[in-house]
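Step one of this worksheet: look at the structure below.
The values are calculated or read from the model by the stated rules, or taken from the named source; none is laboratory data. No experiment lies behind these values; they were computed from the predicted model shown. Backbone-built Cβ (ideal geometry, glycine too); neighbour counts: all protein chains shown.
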Ligand code: GTP
Ligand code: SPV
Ligand code: MN
């Protein structure tokens, strides 16, 4: 089969010429096709079918042990000019990298099937949606893409005869981690990933397209592609606000997007609804309001730690038609299991495929084990989650994992200060990316691994929103759910209780409450503590500012700004000076 789009057909056959697959299959997106491919994955041993009563249509799978997370040191932005990738990206010259990948991948699909996967990022019919193609030799990738994006005929039809599709090539290769490459060519809208079959490395619609390629296009066209969840909150007086929130990988986006408010809040009429859990494409509406769409159709969520107590909506979303990767398997019940889910079953196969027992002292599930589940199955999914126009945004939230210093919540003094808060945010690293876990690093807007261009230009782009008079700017906030005490215990109970912080933000947005004007930003005079299992002393800690520590922080932020190159707008240094000055004023 080919398509009716000659440019597309030519590109596919050119790729096939050097990849040399034995067979080419065009993915149409039908249920019959999906069933046949899942059966084939079961036969190959890639998928283990789960209990058809408790997890219908779901499968367990394991990745290669060397291929369990995104690989930032093997991820490249390939442009003509190094300065366009900027100081935060690994850069490679585009034609040199293109030639190198051609060489490495020549004949890599010999004896294999190449799937042509047309995919649509964004709701069907939305003017903001975009089409990409992933040519892959991985049936596992096709099965995941089927959940994460709208794939097959719907994407082909959306493309029609247009030629501006993102061109992606992916091959498992031989999973050689030394020759693993995740390459982006924003100038020609191309993606090449080789020698990985995992998550953000291999499911190209997600981080490769929807963030790295899309952010460069958003820069040119005046919109934003961000690593943000989107949620809706309804108040007891029936007002509804949507928020976008950027937290680094494995720092709570999925949980926040699906949170269930505590009983008292539910009884009072508060409601949280989910639009997306990882990526937001934010456009300026004709009314000047910012509107966000979720370009994805599924969740690639962290399994480890997810429980009935912390995120029942995620569990419910993943109860059918779901792929579990690198969790453990309870072979008796044919159910997935991970640390934090429930009491440990008697027998377990761990994520490496071995019989497991607690005495081993290892984790049965990999800390970055994931579920791939359709967003439509989420009990809290928002009625407008597939709206063509997107949902209007009242507030933007930044936040990271900070064991000390950062208060529970801050409100930016204005847009520029908000951009500064986002730019200087820091977080402890997690298992979502290969490398050390628990090291504090600056992660601008939770986009450090995902900005597809020069970080200085990225900041300039964010700042430009306040110069566009037509735009009604949302308020910007910063949160930290992860303050710990000396014993390492989280001080803030988090999860559903995070609505208390949203409640304050909504009151600020609706102009219903005053804030304290502190050196580091506006702060609440108090947080609703009704039925909250948190002492007054803990709340005081969470809402305190340690000036001595903040002075050190301000210096560290200044040092960070100096690493961001000569395209960084001077306004960010101005913000740093203003912070330093405010910290010297008498309290
Ligand atoms: P990616 O999918 O990697 O982008 O991650 P994410 O940002 O969606 O993170 P997720 O919601 O999956 O949470 C990651 C980890 O943080 C899980 O182990 C959660 O249990 C934990 N977590 C989430 N929210 C909170 C919170 O409010 N407090 C605490 N203490 N932990 C949280
Ligand atoms: C993240 O790391 O931010 C994820 C998982 O959402 S991955 O798809 O691997 O990027
Ligand atoms: Mn993510």
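If you scan the stretch 481-500, which residues turn out to be near ligand 1 (Cβ under 10 Å from one of its atoms) and either assigned to a loop (DSSP other than H, G, I, E, B) or touching a strand residue (DSSP E or B) at 6+ places or on another chain (Cβ under 7 Å) (or both)?
Going through the stretch 481-500, the residues near ligand 1 (Cβ under 10 Å from one of its atoms) turn out to be 481-484, 489-498.
Hits for the stretch 481-500 are 481, 482, 483, 484, 489, 490, 491, 492, 493, 494.
For (1) surrounded by 15 or more Cβ atoms within 10 Å (Cβ to Cβ); (2) in contact with a helix residue (DSSP H, G or I) (Cβ under 8 Å, 6 or more places away or on another chain); (3) closer than 15 Å to residue 406 by Cβ, each residue gets a yes or a no:
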position: 509; (1), (2), (3): yes, no, no
position: 522; (1), (2), (3): yes, yes, yes
position: 526; (1), (2), (3): no, yes, no
position: 541; (1), (2), (3): yes, no, yes
position: 556; (1), (2), (3): no, no, yes
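Look at the stretch 229-245 and say how many of its residues are surrounded by fewer than 24 Cβ atoms within 10 Å (Cβ to Cβ) and within 16 Å of ligand 1 (Cβ to nearest atom).
Matching residues across the stretch 229-245 total 1.
State all residues of the stretch 481-496 that are farther than 23 Å from residue 264 by Cα and surrounded by 15 or more Cβ atoms within 10 Å (Cβ to Cβ); if no residue qualifies, say none. Can you show your working first?
Taking the stretch 481-496 first, the residues farther than 23 Å from residue 264 by Cα are 482-489.
Selection gives 482, 483.
State whether the residues of the stretch 185-198 include one that is assigned by TED's automatic domain parsing to the domain that holds residue 436, assigned to a strand (DSSP E or B) and more than 16 Å from ligand 1 (Cβ to nearest atom).
There is no residue in the stretch 185-198 that is assigned by TED's automatic domain parsing to the domain that holds residue 436, assigned to a strand (DSSP E or B) and more than 16 Å from ligand 1 (Cβ to nearest atom).
Can you tell which of 517, 538, 457 is more than 16 Å from ligand 2 (Cβ to nearest atom), assigned by TED's automatic domain parsing to the domain that holds residue 575 and assigned to a strand (DSSP E or B)?
Values: 538 fails: assigned to a strand (DSSP E or B); 457 fails: assigned to a strand (DSSP E or B).
Criteria check complete, one pass: 517.
So in the stretch 195-216, with the set limited to residues that are over 14 Å from the mean Cα position of the chain (by Cα) and closer than 15 Å to residue 78 by Cα, which one is nearest to ligand 3 (Cβ to nearest atom)?
We begin by selecting, within the stretch 195-216, every residue over 14 Å from the mean Cα position of the chain (by Cα); these are 195-198, 202, 213, 216.
Subsequent filtering for residues that are closer than 15 Å to residue 78 by Cα retains 213, 216.
On the way: 213: 16, 216: 19 Å.
Applying the filter and picking the extreme gives 213.
Let me confirm something: among 318, 389, which residue is more than 16 Å from ligand 3 (Cβ to nearest atom), within 18 Å of the chain's Cα centre (by Cα), closer than 28 Å to residue 120 by Cβ and not assigned by TED's automatic domain parsing to the domain that holds residue 39?
Values: 389 fails: within 18 Å of the chain's Cα centre (by Cα).
The match here is 318.
Look at the stretch 282-310 and say how many of its residues are assigned to a loop (DSSP other than H, G, I, E, B) and more than 16 Å from ligand 2 (Cβ to nearest atom).
Restricting attention to the stretch 282-310, the residues satisfying the condition of being assigned to a loop (DSSP other than H, G, I, E, B) are 285-288, 294-297, 303-310.
Now drop any that are not more than 16 Å from ligand 2 (Cβ to nearest atom), which leaves 285-288, 307-310.
Number of matching residues: 8.
Among the residues of the stretch 268-281 satisfying the criterion of being under 21 Å from residue 462 (Cβ atoms) and part of a loop (DSSP other than H, G, I, E, B), which is nearest to ligand 2 (Cβ to nearest atom)?
Ranking the candidates gives 278 first.
Return the residues of the stretch 255-275 that are within 16 Å of ligand 3 (Cβ to nearest atom) and either more than 13 Å from residue 243 (Cβ to Cβ) or in contact with a helix residue (DSSP H, G or I) (Cβ under 7 Å, 6 or more places away or on another chain) (or both); say none if nothing qualifies. Spell out how you get there, then give the answer.
We begin by selecting, within the stretch 255-275, every residue within 16 Å of ligand 3 (Cβ to nearest atom); these are 255-258, 274-275.
Within the stretch 255-275, 255, 256, 258, 274 qualify.
How about the stretch 528-539: which of its residues are touching a residue at least 40 places away in the same chain (Cβ under 8 Å) and exposed (fewer than 12 other Cβ atoms within 10 Å of the Cβ)?
Matches in the stretch 528-539: 530, 531, 533.
Go through the stretch 316-347 and give me each residue that's free of Cβ contacts under 8 Å to residues at least 40 places away in the same chain and either part of a loop (DSSP other than H, G, I, E, B) or in contact with a helix residue (DSSP H, G or I) (Cβ under 6 Å, 6 or more places away or on another chain) (or both).
Listed by number, the residues that qualify are 331, 332, 338, 339, 340, 341, 342, 343, 344, 345, 346, 347.
Please determine, by comparing only the residues of the stretch 246-267 that are part of a helix (DSSP H, G or I) and more than 8 Å from ligand 1 (Cβ to nearest atom), which one is surrounded by the most Cβ atoms within 10 Å (Cβ to Cβ). Don't jump to the end; show me each part of the working.
Of all residues in the stretch 246-267, those part of a helix (DSSP H, G or I) come to 253-257, 263-267.
From the residues that got through so far, the ones that are more than 8 Å from ligand 1 (Cβ to nearest atom) too are 263-267.
Values: 263: 10, 264: 12, 265: 22, 266: 14, 267: 10.
In this case the residue turns out to be 265.
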